[in-house]
Structures are given as structure tokens and as C-alpha cells.
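> Can you read through this structure? Questions will come right after.
Throughout, read-outs are computed from the coordinates displayed, never taken from laboratory work. Predicted model, so just to flag it, every value in this text is computed and none were measured. Positions of Cβ are generated from backbone atoms using ideal geometry, with glycine treated the same way; all protein chains shown enter the neighbour counts.
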Amino acid sequence: AGLTSDAPGITRFTPVDSPLPRPEEVNPEMLSLALEPEVAAIAAQHQSEVSGTPPERYMVVDIGGGTVDITVHDKSTGRISVLLPPMGNTWGGTTINEALSMLLEEAVDDGGFQSFIESDPIRAIATLNKLFFEEFEERKKRFGNEIEGFSKITLSLPRTFMKHYGSDKLHEASKLHMCYDPGDDSLSIGYNLLEEKIFKSTVDKIIECVRAAFDELTDHIDTVYLVGGFGGCRFVRQKIEEAIAQHCGKLYDNIVCPIYPDLAVVSGAVMWRKDPNIIQSRVADATYGIGCQPEFDPSIHDEHYQYLDEEGYKQRCKNVFKVFVLKGEVLKDEVYKTTLIPPSQSLTQVTIPIYCTGDDGVQYTRDKKGKQTVRKIGELILDVPNPDNIPRDERD
Ligand SMILES: Nc1ncnc2c1ncn2[C@@H]1O[C@H](COP(=O)(O)OP(=O)(O)OP(=O)(O)O)[C@@H](O)[C@H]1O
Ligand SMILES: [Mg+2]
């Protein structure tokens with residue numbers, strides 16, 4: 001995107017005199033957007049098909065760097081139906097790196113490494129990013145995968161970092177049960193500390209979400225697929241297995257993790273693109289609709305929202321949330337249609353807001369105090385010229 005941008009500054013970073021031309025072809029038919037949890041399921045499913053009878057109802061827990069996404073599918077009809085609205089949270093693998101950063105902030109007693117950053121912002125930030133997101137990243141993965149025989153990880157602290165804080169500060173890190181070696185400026189963190197201070201809160205939040213998903217289930221599921229880079233690591237996997245066993249009151253032995261858990265999404269997306277019909281139906285994750293002002297109907301509308309239209313002869317109802325799709329409803333590939341008239345005769349352009357809400361039974365887009373009850377996720381802006389001055393009621 002950067003290379004084709006019109007932004008003048010971009011050429012500073014690219015070896016061309018002017019921005020590259022935008023691609024000529026704009027062909028939405030060639031772009032498909034896949035839903036990650038769905039395609040992760042397709043990939044995980046595919047792998048298990050190779051090794052035995054495929055499960056009919058299964059849960060996919062995708063734990064990546066940023067998010068945890070949980071879905072439940074039913075495949076008993078031959079095609080996949082999505083059973084639960086997608087659930088999740090933002091406790092992915094990156095929070096581990098952030099937790100280490102916080103532990104080190106505590107060790108040097110400098111919240112947000114503020115003084116270090118102030119000393120030379122650009123370099124300091126680059127140094128910290130390298131430490132937490134490159135050097136620690138490797139150690140983290142090793143810890144994640146090798147539980148047996150693992151005792152500690154060792155990080156070499158960058159020179160600029162040591163110069164700023166001095167070794168005395170780091171010696172104090174032993175209070176936090178980390179071990180600083182002044183010989184090579186390295187910091188060792190033992191298994192217990194890693195587990196307790198760095199992994200635990202993230203893993204607890206992930207487990208909380210998995211439990212919530214189990215609580216939503218109305219029927220038995222036969223398999224849990226664990227995908228995503230963080231979900232695939234042994235440590236997380238083991239904790240999730242334990243938690244599910246505890247929650248379900250028995251050992252749930254059907255937790256399957258594909259060989260390349262971090263590639264599940266991308267390989268599933270390819271499989272889906274080759275056969276889009278593999279997903280037969282979905283369940284809406286929220287209620288979706290538009291805002292409009294229909295004619296007032298005393299049998300369904302609340303007087304609070306009643307108003308007289310601008311011509312002064314029709315009672316209308318404002319802030320009506322016209323629902324197209326209800327949360328939990330099974331969706332097929334459908335087109336929703338409705339007819340509206342411009343809210344005012346002078347308008348030659350109308351804006352139709354598109355809203356969604358996770359709540360049930362929302363009838364109006366604002367409550368009686370005027371507070372918005374739904375979330376605006378987009379809008380349609382339509383040109384509606386009226387050269388012949390057709391009356392408003394006929395401008396549908
Ligand atoms: N062996 C491992 N141990 C611990 N963490 C790991 C391991 N392997 C990968 N990770 C973590 O998994 C994350 C990457 O997973 P993945 O590639 O699924 O993420 P993503 O799809 O880019 O993120 P998201 O789905 O949240 O947008 C990183 O945070 C990485 O540190
Ligand atoms: Mg992902």
C-alpha cells in the first residue's frame with residue numbers, strides 16, 4: 001500500500017522519483033475475504049480427516065499473537081454450519097512479550113522505561129523492541145515448546161540499556177527472583193517466575209474465554225482444535241487441556257493441534273477459496289440493521305419517538321432500528337431489501353446508517369434520554385436527485 005500511495009513523504013523511503021502508479025485493475029471478484037476462525041477450522045478439520053473419522057461438531061480455538069478466537073461448527077450435514085457467534089478476547093501471544101517488559105520495568109524501577117526513552121527516544125524504542133520482540137521472542141518459543149527439563153531463560157541486556165540503568169539497578173532484580181550476571185550483562189529468569197509472572201495471567205484469560213465458550217454450548221462437541229502460533233505451543237496447549245478437563249468434569253482427550261498451527265488460517269483460506277461452498281451457513285454474531293423513520297404505527301411504536309413530518313400531514317417514528325439480521329440467526333447468502341423515502345424533501349443525498357448491537361430486543365437506535373443504543377458500523381450515502389420535484393412520499 002505504501003508503494004502505491006499518493007502521500008508525498010513516501011518517496012523518501014522508496015527508490016523511485018514519484019509514487020508508483022496504482023494498479024489498473026480493480027476487480028473485486030478476485031478478492032475474497034475469509035473469516036479466520038472458519039478457515040482455521042477447515043484446515044484443522046482437513047488434517048484430522050487424514051487420520052481417522054472426522055468429528056461432526058467441534059470447537060476451534062485460534063490463539064495468535066493478538067487475539068483469541070473461538071468458533072463452534074457442525075458438520076453433520078456434510079457441509080459446515082457455524083453454531084455459535086464468534087467469541088474471543090485480545091490475550092494472544094504478544095501479551096507475553098508485554099508482560100516481560102513490565103517485569104523488567106519493575107526491575108529497573110522505571111515505569112514504561114520512561115527515563116530511558118527520554119534519553120534518546122528513537123534509539124531507546126528500537127532497543128526495547130529488539131529486546132522484547134526479537135530476542136525474547138526466540139526464548140519465549142523455546143519455553144513454550146520445551147517444558148520438560150526446562151529451568152530458565154537467559155536474555156542478554158543491550159549495552160545502551162545497561163549504560164542507562166547501571167548494573168546496581170540490575171543487581172536489585174534479584175529481589176524479583178531474576179538473576180543478573182554482570183560478566184556478560186545477562187539476565188536469567190527461572191521457570192517458576194516465567195510461568196507465574198509472565199505466562200499465567202495471559203493463559204488464565206485464554207482459559208476463561210474457552211470456559212465461557214463451553215458454557216454457551218447446548219450440545220456435546222467431539223473435538224477441540226487448537227490452532228494459531230500461541231495456541232500450538234505445548235505449554236499453552238497443556239494448560240488448556242487441563243482446564244477443559246476440569247471444566248467438563250472428565251478428561252477431554254480430543255484436543256487436536258495441527259502440525260503447523262500458525263499456518264492453519266492461511267492454508268484453510270486457500271482450501272476455502274478453492275471450494276467456497278464448504279461453508280453452508282453461518283450464525284450472526286450480532287443484530288444488524290439500519291436506522292429509519294417509518295410511518296408511526298401505534299401498535300408497535302412508542303409515542304416518545306413520534307413526530308409530525310415536514311409536510312405536516314403524516315405521523316412518523318424516529319430512531320427506528322430496522323433489523324435485517326438477528327443475533328444467532330442462521331445466515332445464508334442472502335440479499336436484504338427495503339424501501340425508504342428521503343427524510344426531507346430538499347435532500348438530494350441521503351445517508352442510511354448501518355448499525356449493530358450485541359443486545360437482544362433493541363427497537364430504537366437511541367434510548368429515551370437520547371443515548372445511542374446501537375453501534376454504527378458504516379453508512380450508505382446515496383444520491384437521490386429530484387429534478388422533477390416529485391413529492392416526497394413518491395420518492396421511494
Ligand atoms: N512455541 C511457541 N511458544 C510460545 N509462543 C509462540 C510459539 N510459537 C508461536 N508463538 C506465538 O504465537 C504468536 C503468533 O501466532 P500466529 O502466527 O497464529 O499469530 P497471528 O495470526 O499473526 O495473530 P492474530 O491471529 O492474533 O492476528 C506470536 O505471539 C508468537 O510469539
Ligand atoms: Mg491469526
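> Is it possible to state the helix-based mean residue ellipticity at 222 nm for the chain, with each DSSP H run of 4+ residues giving -39500 (n - 2.57), the sum divided by total residues, to the nearest 500 deg cm²/dmol? What is it? Numbers along the way, then the final one.
Values: 9 runs with 111 residues, N = 396.
Calculated at 222 nm, the ellipticity per residue is -9000 deg cm²/dmol.
> Could you identify which residue out of Ile80, Ile255, Ile352 has the top mean-square fluctuation in a GNM of the chain using Cα springs shorter than 10 Å?
Comparing Ile80, Ile255, Ile352 in a Gaussian network model of the chain, the most mobile one is Ile352.
> Sticking with this one: Say each of Arg79 and His220 gets a label point 7 Å from the Cα, pointing the same way as Cα to Cβ; how far apart are those two points in nm?
Here the answer is 2.8 nm between the modelled labels.
> Below 8 Å, C-alpha to C-alpha, sequence gap of six or more: please give me the relative contact order for the chain in percent. Provide the component values of the computation, followed by the final result.
Details: 611 pairs, mean separation 64.6, N = 396.
Relative contact order comes out at 16 percent.
> Given an 8 Å cut-off on Cα distances and at least 6 residues of separation, report the relative contact order of segment 287-394 as a percent.
Details: 166 pairs, mean separation 32.5, N = 108.
It comes to 30 percent, rounded to a whole number.
> Within segment 307-358, which chymotrypsin sites (Phe, Trp or Tyr not before Pro) sit in a loop by DSSP and count at most 15 neighbouring Cβ atoms inside 10 Å? The partial results should precede the final answer.
Working: sites: Tyr307, Tyr313, Phe321, Phe324, Tyr336, Tyr355; in loops: Tyr313, Tyr336.
For chymotrypsin sites (Phe, Trp or Tyr not before Pro) across segment 307-358 that sit outside H, G, I, E and B with at most 15 neighbouring Cβ atoms in 10 Å, the list reads Tyr313, Tyr336.
> Taking loop as defined by DSSP and a crowding limit of 11 other beta carbons within 10 Å, which trypsin sites (Lys or Arg not before Pro) in segment 327-396 fit?
On the way: sites: Lys327, Lys332, Lys337, Arg366, Lys368, Lys369, Lys371, Arg375, Lys376, Arg392, Arg395; in loops: Lys327, Lys332, Lys337, Lys368, Lys369, Lys371, Arg395.
Within segment 327-396, the qualifying trypsin sites (Lys or Arg not before Pro) (loop, at most 11 other Cβ atoms within 10 Å) are Lys332, Lys337, Lys368, Lys369, Lys371.
> Angle between the Cα long axis of helix 200-216 and the longest principal axis of the chain, 0 to 90 degrees, nearest 10?
For 200-216 against the chain, the angle is about 40 degrees.
> Please order Met30, Met59, Met162 by the number of other Cβ within 10 Å, starting at the fewest. Present the calculation step by step, with values, prior to reporting the outcome.
Numbers: Met30 7, Met59 26, Met162 16.
Sorted ascending by nearby Cβ count, the order is Met30, Met162, Met59.
> With each pseudo-label sitting 7 Å past Cα toward Cβ, what's the Ser119-Glu310 distance in nm, one decimal?
Modelled inter-label distance: 6.5 nm.
> For segment 287-394, just say rounded, prolate or oblate: build the C-alpha gyration tensor, square-root its eigenvalues into a ≥ b ≥ c, call rounded for a/c under 1.5, and beyond that prolate if a/b exceeds b/c, oblate if not.
Details: a/c = 2.01, a/b = 1.32, b/c = 1.52.
Since a/c reaches 1.5 but b/c is at least a/b, the shape of segment 287-394 is classed as oblate.
> Where both residues lie in segment 36-281, what percent of DSSP beta bridges are antiparallel, nearest 5? Please list the in-between numbers first.
Details: 21 of 30 bridges.
About 70 percent, rounded to the nearest 5.
> What GluC sites (Glu not before Pro) in segment 266-369 are in a loop by DSSP, with at most 12 other Cβ atoms within 10 Å of the Cβ?
On the way: sites: Glu295, Glu303, Glu310, Glu311, Glu329, Glu334; in loops: Glu310, Glu311, Glu329, Glu334.
In loop regions of segment 266-369 (DSSP not H, G, I, E or B), the sparsely surrounded GluC sites (Glu not before Pro) are Glu311, Glu334.
> Starting from the 7 Å offset along Cα-to-Cβ, what nm value, one decimal, do you get for the label separation of Leu331 and Lys169?
5.0 nm
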